[in-house]
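First comes the structure, then the notes that go with it.
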C-alpha cells in the first residue's frame, strides 16, 4: 500500500507521515530530506545552487541514504549523518532552487520509486501524489495557514537555539510557497484525487486520527 502526503513547507507533512508509518508499521520516506541533502552537498563543495552539471557530478560521486534508529529515521551523505545539518536556514531557503533542477528531480524520483517498490510505504513531499507515486492508494494534501506554519517553525527554531523573527519566517515561507508552486518541473499542487486536510486548527493527534481514518477507508 502506498500513502502519499503532499503539501507546502512546514505544514507538518514529515511529522504526520512518520507517525502514520510507525502506527501502521509501514516504511517511511522523507523525500524533502533528499533534496535538502543535495543542497547541502552543493554547499559543502562551494557549488552554486543552480549549477546543474556540477550538482549532477556531485550526486554521481556521493551516496544519499536513510537509516532507521531508535529515535527515528536519519539521512546520510556518504558516512556522515546530516539529519541536523540539512535543517539549517541556509539549506531551507535554497532547497527550492536545487529541487527545481529537472535532472536532479529525475534522479531522486527514480530513487524514491525504487524505495517504494512493492513495500507498504508512507512518502511525503511536494509531488508525491502527482509525480512520484501517481497511483498511490491514499493521497493526502496537508495544508495550514502561513501564520500557523511560521509559528510552528519559530518554535522548532527556538528548540534548536535559532532565533529568527516570526515576520521573517512568514516571509520566507510565503516565498517558498511561491517558488514551489511556480517551478516548471513538478510544481507543488494538489493531485486531482487527493484529500485536503487543513491542520491549522488541529493538534498532531487529530491530524493523525483523520489521516488514519482515510487510510482505513481504502484498505
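List of remarks:
For every residue, the table says whether it meets (1) surrounded by 15 or more Cβ atoms within 10 Å (Cβ to Cβ); (2) modelled with pLDDT of 95 or more; (3) part of a strand (DSSP E or B).
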| site | (1), (2), (3) |
| --- | --- |
| 184 | no, no, no |
| 188 | yes, no, no |
| 191 | yes, yes, no |
| 202 | yes, yes, no |
| 206 | no, yes, no |
| 209 | no, yes, no |
| 213 | no, yes, no |
| 216 | no, no, no |
| 219 | no, no, no |
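- Residues being within 20 Å of residue 77 (Cα to Cα) and in contact with a helix residue (DSSP H, G or I) (Cβ under 6 Å, 6 or more places away or on another chain) - total across the stretch 12-32: 4
- For the stretch 1-20, the set of residues classified as in a helix (DSSP H, G or I) and either surrounded by 22 or more Cβ atoms within 10 Å (Cβ to Cβ) or free of Cβ contacts under 8 Å to residues at least 12 places away in the same chain (or both) consists of 13, 16, 17, 20, listed by residue number.
- Total residues in the stretch 125-154, condition more than 18 Å from residue 200 (Cα to Cα), at pLDDT 95 or above and under 13 Å from the mean Cα position of the chain (by Cα): 3
- When 20, 91 are screened for being out of contact with any strand residue (DSSP E or B) (no Cβ under 9 Å at 6 or more places or on another chain), modelled with pLDDT of 95 or more and closer than 24 Å to residue 188 by Cα, only 91 passes.
- Residue that is nearest to residue 26 (Cα to Cα) [pool: residues in the stretch 155-171 that are assigned to a helix (DSSP H, G or I) and modelled with pLDDT under 95]: 156
Listed here are the residues, each with its yes/no results for (1) touching a residue at least 12 places away in the same chain (Cβ under 8 Å); (2) surrounded by fewer than 21 Cβ atoms within 10 Å (Cβ to Cβ); (3) in contact with a helix residue (DSSP H, G or I) (Cβ under 7 Å, 6 or more places away or on another chain).
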| site | (1), (2), (3) |
| --- | --- |
| 98 | yes, no, yes |
| 114 | no, yes, no |
| 122 | yes, no, yes |
| 129 | yes, no, no |
| 134 | yes, yes, no |
| 149 | yes, no, yes |
| 159 | no, yes, no |
| 170 | yes, yes, yes |
| 174 | yes, yes, yes |
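- Of the residues making up the stretch 57-66, those that are in contact (Cβ under 8 Å) with a residue 12 or more places away in the chain and either under 17 Å from residue 14 (Cβ atoms) or more than 19 Å from the chain's Cα centre (by Cα) (or both) are 58, 62, 64, 66.
The values are calculated or read from the model by the stated rules, or taken from the named source; none is laboratory data. Please read these numbers as outputs of a predicted model, since none were measured by experiment. All Cβ positions, even for glycine, are placed from backbone atoms using ideal geometry, and neighbour counts span all protein chains on display.
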